[in-house]
2 protein chains.
Amino acid sequence: MADLTSFFRPNSVAVVGASKTPGKISNAIMRNIISSGYQGAIYPVNPRESEIEGLACYPSVGAIPDSVDMAVMVVPASKVVAAARECGEKGVKTLTVITAGFKEIGKEGLELEKKLTEICEEFNMRMLGPNCVGVMDTHTPINASFTAAAPVKGEIAFLSQSGAILLAILDWSATAGLGYSKVVSLGNKANLSEIDFIEEAANDPYTKVILCYLEDIVDGARFLKVAGEAAKKKPIIVLKSGVSQAGAQAASSHTGALAGSDLAYDTAFEQCGIIRATTMTELFDLAIAFTKSPIPAGDRVAIVTNSGGPGIIATDNVEDMGLKMARFDKSTLDEFRTNLPKEANIYNPVDVLGDARTDRYQYALNKVLDDPNVDSVLVLMCPTAVTEPVETSRSIVEARDAHPDKPVFAAYMGGPLLAEGAGILAENGIPCFTFPEPAILCINGLNKYKRYLDTVDSKQARDQLEVDQKTVKAIFYDVTRERRLNLLSSEASAVAEAYGIPVAPIVLTTTADEAVAAANEMGYPVVLKVASPKILHKSDVGGVKVGINSPEEVQKAYLMIMESVHRYLPKVVVHGIEVQKMMPKGTELIIGMTKDVQFGPLVAFGLGGIHVNLLKDVSFRLASSLNDEKVVGAMLSETKAYTLLKGYRGEAPRDMAAVVDVVKRAARLVTDFPEITEMDINPVFAYENGVSALDIKITIS
Amino acid sequence: MADLTSFFRPNSVAVVGASKTPGKISNAIMRNIISSGYQGAIYPVNPRESEIEGLACYPSVGAIPDSVDMAVMVVPASKVVAAARECGEKGVKTLTVITAGFKEIGKEGLELEKKLTEICEEFNMRMLGPNCVGVMDTHTPINASFTAAAPVKGEIAFLSQSGAILLAILDWSATAGLGYSKVVSLGNKANLSEIDFIEEAANDPYTKVILCYLEDIVDGARFLKVAGEAAKKKPIIVLKSGVSQAGAQAASSHTGALAGSDLAYDTAFEQCGIIRATTMTELFDLAIAFTKSPIPAGDRVAIVTNSGGPGIIATDNVEDMGLKMARFDKSTLDEFRTNLPKEANIYNPVDVLGDARTDRYQYALNKVLDDPNVDSVLVLMCPTAVTEPVETSRSIVEARDAHPDKPVFAAYMGGPLLAEGAGILAENGIPCFTFPEPAILCINGLNKYKRYLDTVDSKQARDQLEVDQKTVKAIFYDVTRERRLNLLSSEASAVAEAYGIPVAPIVLTTTADEAVAAANEMGYPVVLKVASPKILHKSDVGGVKVGINSPEEVQKAYLMIMESVHRYLPKVVVHGIEVQKMMPKGTELIIGMTKDVQFGPLVAFGLGGIHVNLLKDVSFRLASSLNDEKVVGAMLSETKAYTLLKGYRGEAPRDMAAVVDVVKRAARLVTDFPEITEMDINPVFAYENGVSALDIKITIS
């Protein structure tokens, strides 16, 4: 783990390229560091000045008499490399490079950025940026950035890949009342990325929630590992914009076409416990929820309301998001029946009626919080003639304090009449919205995080699969030597078999006699197929004969295929003819793999057959996660194929254990051999006992 | 159409049950009418007072010397009926019944409500409520309600089924700056409903947008008709909460199980051009958009931004919602290439860069608005050192004024730094949000409405189908006489055939010889099935024999079925055995019908076969809309079945015209015969030429 202390708690800071001119970025940074109350030494560096903002100015970093922890760079791009070298020689620990004009402007900038990175490596310096707004820590305090608005102290660490969005959010937070522990503008991420800062924030005692705005993730494998560990300590909420390249890249396979453009990120985030926000509003609503609320024990929500309509709306929201409406304990219902007015709805949502004053809200809220079947509560209020928003808010705070383990949210549906009451809730850390929907969204986010923590706790021992890597290596070696990328069916089957995947017997033959021998050996009926990676649509050129039942038919089919293929495609050299045993029909599945540029192999599972791209019944997981039986089980259960396998409409159930095993082995295969760029096993027939992989396509690089 | 003028522009108002006591609803209404500036006569009615709020008080409505247009009732529930009769005798035109204690409290209240409704009918009075907050018209002006906050004058007509939500929204609107033309609290909808007020508002010159919060719709057919017409004049935006009963009610058929609980509302709203909001926030965002913006000509959105990140976020939103990112005209790109800085992104989203001042925003915005390939524009701003929010906002207003046909939205991502600029936009009717998402959502709403207007314009002549109603009537008559609800397969096939749906030949036979004769007549192979509506799983009791190829086999199968069924179910009386011709396999479709309590028959179309409930590939339309070929076409095209029918992966296309015809005929059948409660035709085989309906299940009531 990188030591990033010098970014957040440096003993001394040099501002390389500091300026006297108000309005310039190079002056704003000086002013921000000073006005943030930073207690360490500040050294402006500028050969043309002797003093800036009342501080002695140095001609160069080397001329500074003392040691320097962090250097903030605002010199022009052309001078950054030289200045960085000087910092290295001086023993500076961290660089924050504000200067723009690097990778983002194209080839020339990329060269410059590469040189800068090399200097950092040479002198073992850590670098933030280039092309960033800077870095802030409200607890040190230090604001080494050129922002107009300084962040208020708080518990959110905010990492942003967009400087503009960071500036926007800081300005907006002034109105919204959000506080931050650290704010980091990631810039071009040439040396340090979100991964390093997530790791750091996870260990920062002042940070409760990690918030990220990201446009890409470069090192997917490291991100997964670090974020997955960090999420065990603190919730990480990410707004990821932009589109991944997975879909476009691998669209030549079934599996590739099925993987939506953003699927790899969704899959990866879920795997490492990251809560993904879909809008900016959601991002900050969730940030507030995670800062203020405990994590609920489960997904059962209770609603207390003084009017029916909003209760119905909130109930709809609860069900839409897959949360559950709590079913109250009998004792709670009995109490309500006795103590609430008879017109009140005592079931969930509890309607305490429009004439409810504080006492009735207080009573009902405490009762539902006491109920063991309730995990979190939403209080709804509409303004009526008798509503007491201020007093009721105080009683909600008390009830929450008496039940600190259960999240309490509020939606006060109104304006001026309820504003003071809503303010009391907000001041006391009870998130209060105008409408119910965002509150339910927050409860849902908390609950997703709870589910992640649960799976982390219950991770089982990884399975050890027996596989034969040598055979696979030998086959790939041969294919590569022939300068091919696509394996023949018989080769792909041999690869799968080496990894313990049951395959339909298939043999490559080069004479009719060989074909007959092969068919006799495996038993009838058989299929004959021309073997050539160059022929995409074999049936169209007479290259396939099915349902062959005798040696004579094999002879005849062999010659017919050769003749027909030669007639259609006289120039194509074929490898021979593959003889494959016809298997009894089972439930048709697909197991495939496509590759994401960031996160590596993604395995797909679902309904197979020729209509696979039409049915789109597939679930995806990162291959690296599929050595855990639980993950495989969850993956299978998301598909309609799973319903069929369990025995649909009275049919006998299929061999689920064998299916799970094939998925695990396929995942292991694509993990062990990164040279596999695409794989489709379609169909895999699942039987009451066992499975059989029929048509296997493997492409290597 | 009901004349509702007296609710909104009464010449005189009586308040029956008016009170002197401040804080009471019966006093609040008096004060609200007076303080709203109402210019007509106001008559408080209360036998115990001589004067209320400075106005002469009358002991009864009959004692009022002048005529009374509207009576507002606040007497206790027990006195409402008598007071209403008095109003009727006086010649009062409209009643607004505030009093609660009717249908909502159960059986007793329902009785009272019925009596009240009867009096309204007897005297030809129109009634709002009971159990409502009242009615307001800001242009008359009159506020005949007990709200604490009066609405500001504006162009939104707001109808709310929940009084609490109405109160909440009025309070909230004070902060949000929303204005209303009319506000109506619908209450129990005993006499007048949202339908009447939608009709009224559509013709109100002061109303630009109709906004509804609804919990149910009682008269679905009338709603569709009236709302569909009203939506041609003005946009109607509805938040409908709560769950329809369609799913639960008809879950015994395939089609019923496939129809989600809220599907009928979705389908109905789409059909009559209503924009459905899913959250309260959306409801009001859309209200603002429709009040302020023109309707765009199409779905092509341009974005002008001063930073990349928000541009990416907005682009994601545009694509997620199915809108299109505009592709600029070559001339626009050429101009941009010449006149924008070389680092600027000249393609959509146009990035005018962080150092953009007003001139550059102004230039780029006017250019994209000039571009014929752009239908609407979103301007994004993040606060930077040089941003000029106030001046830029003024230039955005100017650009919009110069291009009044294209909607312009803004997202100013910040707080205090951008607040004044955002205010200028809002004052000038350019909706400005903090984040891009709600702006795109609004553009999407405008666009949905545009699509509705387009379909309205292009409605084709309805098709005339030849059908034989007599035969169907005769079959239903026979079935009902036998006290059955389920038709035999042969009866259902005869019904379908009478409506011109091609069916596989099927005959009910009662002896083996009859069966042989029938099979000889229709040709082999045939299927024999036991005919009994009591036997649900015919195969399980040996009641089905397939693939019968000769008279001898028919004989044998007939006897075997009879014997087997008798052995399993000795007490079941069977109608005989049905002989059906086996048809060649085609693409398997389902065409079915389920009934919604509000909107009547919903027709389903999709992939058929035994896995229909697993595949869930169905689209729904209200049967009443399926006499329009365009609607049928749109319905089909939403399914995967459609992709198969068009000829998937090189297969020959199926007879689409024949499929469309069957859907239309099925819709006509269930419309002509409301006694059909459920229908499943599954499978329908579609061939290259023609179709054939195989298994038809019809249930009648």
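For region B:452-522, the list of trypsin sites (Lys or Arg not before Pro) that fall in a loop by DSSP and count at most 14 other C-beta atoms within 10 angstrom reads B:LYS459, B:ARG462, B:ARG483.
With each label modelled as a point 7 angstrom along the Cα→C-beta vector, the A:LYS233-A:GLU398 pair spans 4.0 nm.
Please grab the % of Cα pairs in region A:469-581 that end up more than 17 Å from each other. Taking all Cα-Cα pairs of region A:469-581, the fraction more than 17 Å apart is 54 percent. With its label point defined 7 Å out from Cα along the Cα-to-Cβ axis, A:VAL467 lies at 6.1 nm from the matching points of the other copies, in increasing order. Across all Cα pairs in the protein assembly as shown, the calculated P(r) in 20 Å bins from zero up to the longest distance comes to 9, 28, 36, 21, 6, 0 percent per bin. Starting from the label point of A:LYS115 at 7 Å along Cα→Cβ, the same points in the other copies fall at 9.6 nm, in ascending order.
I need the calculated FRET efficiency for the pair A:ASP359 and A:HIS139, taking r as the beta carbon distance and R₀ as 41 Å, to the nearest 0.05. Before the final figure, lay out the partial values.
On the way: r = 42 Å, r/R0 = 1.02.
The computed FRET efficiency comes out at 0.45.
A label point on B:GLY23, set 7 Å along the Cα-to-Cβ line, lies at 6.2 nm from each of its counterparts in the other copies, closest listed first.
Too long at a 31 Å Cα-Cα cut-off: which of A:LYS585/A:LYS697; B:LYS595/B:LYS630; A:LYS571/A:LYS697; A:LYS234/A:LYS470? Working shown, then result.
On the way: A:LYS585/A:LYS697 20 Å; B:LYS595/B:LYS630 23 Å; A:LYS571/A:LYS697 24 Å; A:LYS234/A:LYS470 43 Å.
Table pairs above 31 Å Cα-Cα are A:LYS234/A:LYS470.
Inverting the pair-averaged 1/r between distinct Cα atoms of region B:587-700 gives 13.9 Å as its Kirkwood hydrodynamic radius.
For B:GLU121 and B:MET1, what does the FRET efficiency come to when R0 = 25 Å and r is the distance between their Cβ atoms, rounded to the nearest 0.05? Before the final figure, lay out each step's value.
On the way: r = 17 Å, r/R0 = 0.68.
Efficiency, from the Cβ-Cβ distance: 0.90.
Potential lengthening of the chain between A:ARG337 and A:LEU536 amounts to 64.4 nm, from the contour at 0.36 nm per residue minus the alpha-carbon distance.
Annotation: Cα Rg of region B:99-225 relative to the compact-globule expectation 2.2 N^0.38 Å equals 1.06.
Please give the total accessible area that chains A and B bury against each other, computed with a 1.4 Å probe and expressed in Å² to the nearest 100.
4300 Å²
Placing a pseudo-label 7 Å from each Cα along the Cα-to-Cβ vector at B:ARG483 and B:ASP370 gives an inter-label distance of 8.3 nm. With contacts taken as Cα pairs under 8 Å and at least 6 residues apart, chain A reaches a relative contact order of 9 percent. A 1.4 Å probe run over region B:295-457, with the rest of the protein chains in place, finds 38 Å² accessible per residue. A Cβ-based charge dipole, computed about the Cα centre of the protein assembly as shown with Lys and Arg at +1 and Asp and Glu at -1, lands at about 520 debye. Take the alpha carbon atoms of region B:324-381, find their center, do the same for region A:145-214, and report the distance between the two centers in whole angstrom. If we compute the Cα centre of each part, the gap is 30 Å.
How large is the translational diffusion coefficient of chain A in µm² per second when you combine the Kirkwood radius over alpha carbon pairs with Stokes-Einstein at 10 °C and 1.306 mPa s?
Details: Rh = 29.6 Å.
So the translational diffusion coefficient is about 54 µm²/s.
Distance from the Cα centroid of region A:505-533 to that of region B:89-137 is 85 Å (rounded to whole angstrom). What angle do you read, to the nearest 10 degrees and between 0 and 90, between the alpha-carbon axis of helix A:389-402 and the longest principal axis of chain A? Once rounded, the angle reads 60 degrees. Here the Karplus relation 6.51 cos²θ - 1.76 cosθ + 1.60, evaluated at θ = phi - 60°, turns the backbone of region A:421-436 into coupling constants of x, 4, x, 4, 4, 4, 4, 9, x, 9, x, 10, 10, 7, 10, x Hz, with x for every Gly and Pro. Interface burial in region A:360-396 reaches 20 Å² or more for A:CYS382, A:PRO383, comparing the full protein assembly with the chain by itself; accessible area from heavy atoms with a 1.4 Å probe. A loss of 20 Å² or more of accessible area (1.4 Å probe, protein heavy atoms, ligands and nucleic acids excluded) relative to the isolated chain is seen in these residues of region A:154-170: A:ALA164, A:ILE165, A:LEU167, A:ALA168.
Overall size of region A:22-97 from C-alpha positions, given as principal axis extents largest first: 29, 26, 22 Å.
Based on DSSP H runs of at least 4 residues, each adding -39500 (n - 2.57), what is the mean residue ellipticity at 222 nm of the protein assembly as shown after dividing by all its residues, to the nearest 500 deg cm²/dmol?
Values: 50 runs with 570 residues, N = 1402.
Mean residue ellipticity at 222 nm (helix-derived): -12500 deg cm²/dmol.
Here the 3J(HN,Hα) profile of region A:589-605, calculated from phi with Karplus coefficients 6.51, -1.76 and 1.60 at θ = phi - 60°, is 10, 10, 10, x, 9, 10, 10, 9, 4, 8, 10, x, x, 10, 9, 10, 9 Hz, Gly and Pro shown as x.
What does the charge add up to near B:VAL546, with Lys and Arg as +1, Asp and Glu as -1, over the other residues with Cβ less than 12 Å from its Cβ?
Working: positive: B:LYS529, B:LYS538, B:LYS545, B:LYS581; negative: B:GLU553.
Taking every other residue near B:VAL546 into account, the sum is +3.
Surface composition of region B:5-207: carbon plus sulfur atoms contribute 49% of the solvent-accessible area (1.4 Å probe, protein chains only, all chains present). In this simple spin-label model, placing a label point 7 Å from the Cα along the Cα-to-Cβ direction at both A:SER78 and A:VAL152 gives a separation of 4.5 nm. Count Lys and Arg as plus one, Asp and Glu as minus one, and take only other residues whose Cβ is under 13 Å from that of B:ALA356; the net charge is then -4.
Bridging of B:LYS545 to aspartates and glutamates at a Cα separation below 17 Å is possible for B:ASP513, B:GLU514, B:GLU553, B:GLU563, B:GLU578, B:ASP695, once same-chain residues fewer than 8 apart are set aside.
Restrict the search to region A:1-92; then list the trypsin sites (Lys or Arg not before Pro) that DSSP places in a loop and that have at most 10 other Cβ atoms within 10 Å of their Cβ.
Values: sites: A:LYS20, A:LYS24, A:ARG31, A:ARG48, A:LYS79, A:ARG85, A:LYS90; in loops: A:LYS20, A:LYS24, A:ARG48.
Here the trypsin sites (Lys or Arg not before Pro) that fit, given the DSSP loop and packing criteria, are A:ARG48.
Pairs over the 20 Å Cα-Cα cut-off, from the set A:LYS114/A:LYS225; A:LYS292/A:LYS406; A:LYS240/B:LYS240; A:LYS93/A:LYS189; A:LYS153/A:LYS208: A:LYS114/A:LYS225; A:LYS240/B:LYS240. Across region B:526-599, counting alpha-carbon atoms alone, Rg and Dmax equal 15.6, 53 Å.
Of all beta-carbon atoms in chain B, the one sitting closest to the axis that brings chain B onto chain A gives B:LEU615, 4, with the distance in whole angstrom.
For region A:5-207, the alpha-carbon radius of gyration amounts to 0.94 times the rule-of-thumb value 2.2 N^0.38 Å expected for a compact globular protein.
In a shell of Cβ-Cβ distance under 13 Å around A:LYS208, excluding A:LYS208 itself, what net charge do Lys and Arg (+1) and Asp and Glu (-1) give? It would help to have the intermediate numbers written out before the result.
Details: positive: A:LYS153, A:LYS182, A:LYS233, A:LYS234, A:LYS292; negative: A:GLU155, A:ASP204.
Computed value for this residue: +3.
Most simply put, region B:295-457 has about 5% antiparallel DSSP beta bridges, counting only bridges with both residues inside it.
Computed over region B:295-457, the P(r) curve from all C-alpha pair distances, binned at 5 Å from the origin, holds 2, 10, 20, 24, 22, 14, 6, 2, 1, 0, 0 percent per bin.
On a per residue basis, region B:5-207 carries 37 Å² of accessible surface, using protein heavy atoms and a 1.4 Å probe.
The values are calculated or read from the model by the stated rules, or taken from the named source; none is laboratory data. Quick caveat, the model's predicted, so the values are computed rather than measured. Please note: Cβ atoms are built from the backbone with ideal geometry, for glycine as well, and neighbour counts cover all protein chains shown. Ligands, DNA and RNA are excluded from the accessible area calculation, which covers all protein heavy atoms including side chains. Shrake-Rupley method; radii C 1.70, N 1.55, O 1.52, S 1.80 Å.
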